[in-house]
Amino acid sequence: MLIMSVSTMFGSFVFWFDIRRYVGGPVKHFYQYQATIKSIITLLIPQIATQIYTSLDKPILGLFQNSTQVAYYDNSQRISNMVLGVVTSISLVIMPKMAGEGKKEQRVILKKSLEATVMLGTLFAVIIMANTKEFVPFFFGHKFIPMTPLMFFFALTIVMIPTGGVFANQFALANHRDQDYAIPVIVGAVLEVVLSYFLDRLYGATGAMIAILITEFIVLILRLWIVRDGYDFKYSFKEIPKYLLIALIVLMVGMLIPQLVSSAFFNMAIKSIVMFILYFALMFLFKLDFNQDIIMLVKKLFTRG
């Protein structure tokens, strides 16, 4: 506990040494506590709520099931959580830019960011889904084979969580809609605890997974609905069905690819590369708007090189 908390504290503390260069020295009443206390509390509550339904799921499962079920559940989440860190970083990077733009520019940025998030989310999700049968016994051992379907369906969170994050972090926070940011997370925390209490007892790790998926889906819908007055749904989601169709086609192809080599590792690598190429080939076949951004990005990379 000390290693995790103290290292995080010092990691954040070092930024204070250099902050004077950017904001100047402290002055009298430089921090308007009374003016910002409402926003502080509004943003603090969802952080606590997030910790509730992302940290209490395993202890609740452990109350009703043995350590084997907890191990299946915990390990089935790990790969998805690693990928989530990559996909959700888009929202963290784009949010400051959204905050500094007008509504017209925000409209375009939101659409591009949503498409980039869905593209990466669905791409990583289907690659993980197609490789679960080989991945689990190869990395975890044959005793963990029962967690294969858990890992398969947990990959759906790679799409749902970052998509909701686009409207929570990039839109709600960027436009000072703190309550709209907080409400879905608080509802999700309560819902996840209630669902886990009933489903974990009956279905073990599978019930815990169902509770998380239902919670994340409800949170996603709430995040889209609660800020519906601030964005054009038809414009932003115009091409999202195409990405979902592409993901479905790529997943079907990935599931049908036979074992080409004896090595499970190289077989997963080959399958992932084939699915990666097929996904982008279908993107250009469907003539998506985001293709132009990809072309510009590739040109910039080659120009820099």
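The table below lists the values:
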{"item": "Cβ pairs under 8 Å, 6+ apart, first in region 215-234 and under 26 Å from THR54 (Cβ atoms) and free of Cβ contacts under 8 Å to residues at least 60 places away in the same chain, second acidic (Asp, Glu) and part of a helix (DSSP H, G or I)", "result": "ILE226/ASP180"}
{"item": "Residue satisfying all of: in region 41-63; touching a residue at least 12 places away in the same chain (Cβ under 8 Å) and more than 18 Å from ASP178 (Cβ to Cβ); surrounded by the fewest Cβ atoms within 10 Å (Cβ to Cβ) among these", "result": "LEU63"}
{"item": "Flag for PRO149 being in contact (Cβ under 8 Å) with a residue 60 or more places away in the chain and surrounded by fewer than 19 Cβ atoms within 10 Å (Cβ to Cβ)", "result": "no"}
{"item": "Residue within region 167-175 that is assigned to a helix (DSSP H, G or I) and either of a type in the set (Lys, Arg) or touching an Asp or Glu at 6+ places or on another chain (Cβ under 6 Å) (or both) present", "result": "yes"}
{"item": "Condition broken by VAL108, with the remaining ones in (1) part of a helix (DSSP H, G or I); (2) in contact with a helix residue (DSSP H, G or I) (Cβ under 9 Å, 6 or more places away or on another chain) satisfied", "result": "(2)"}
{"item": "Qualifying position, being modelled with pLDDT under 90, in contact with a Lys or Arg (Cβ under 9 Å, 6 or more places away or on another chain) and part of a helix (DSSP H, G or I), among ASP289, ASP229, ASP293", "result": "ASP293"}
{"item": "Whichever residue in region 247-292 is among the hydroxyl-bearing types (Ser, Thr, Tyr) and in contact (Cβ under 8 Å) with a residue 60 or more places away in the chain and, among such residues, is surrounded by the fewest Cβ atoms within 10 Å (Cβ to Cβ)", "result": "SER272"}
{"item": "Count of region 133-166 residues which are in a loop (DSSP other than H, G, I, E, B) and under 19 Å from THR88 (Cα atoms)", "result": "2"}
{"item": "Tally, over region 64-81, of residues that are assigned to a loop (DSSP other than H, G, I, E, B) and free of Cβ contacts under 8 Å to residues at least 12 places away in the same chain", "result": "1"}
{"item": "Residue satisfying all of: in region 232-281; among the charged types (D, E, K, R) and assigned to a helix (DSSP H, G or I); farthest from PHE139 (Cα to Cα) among these", "result": "LYS234"}
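The values are calculated or read from the model by the stated rules, or taken from the named source; none is laboratory data. Everything numeric here is computed off the predicted structure, so don't read it as measured data. Every residue, glycine among them, receives a Cβ derived from its backbone with ideal geometry; neighbour counts consider all protein chains shown.
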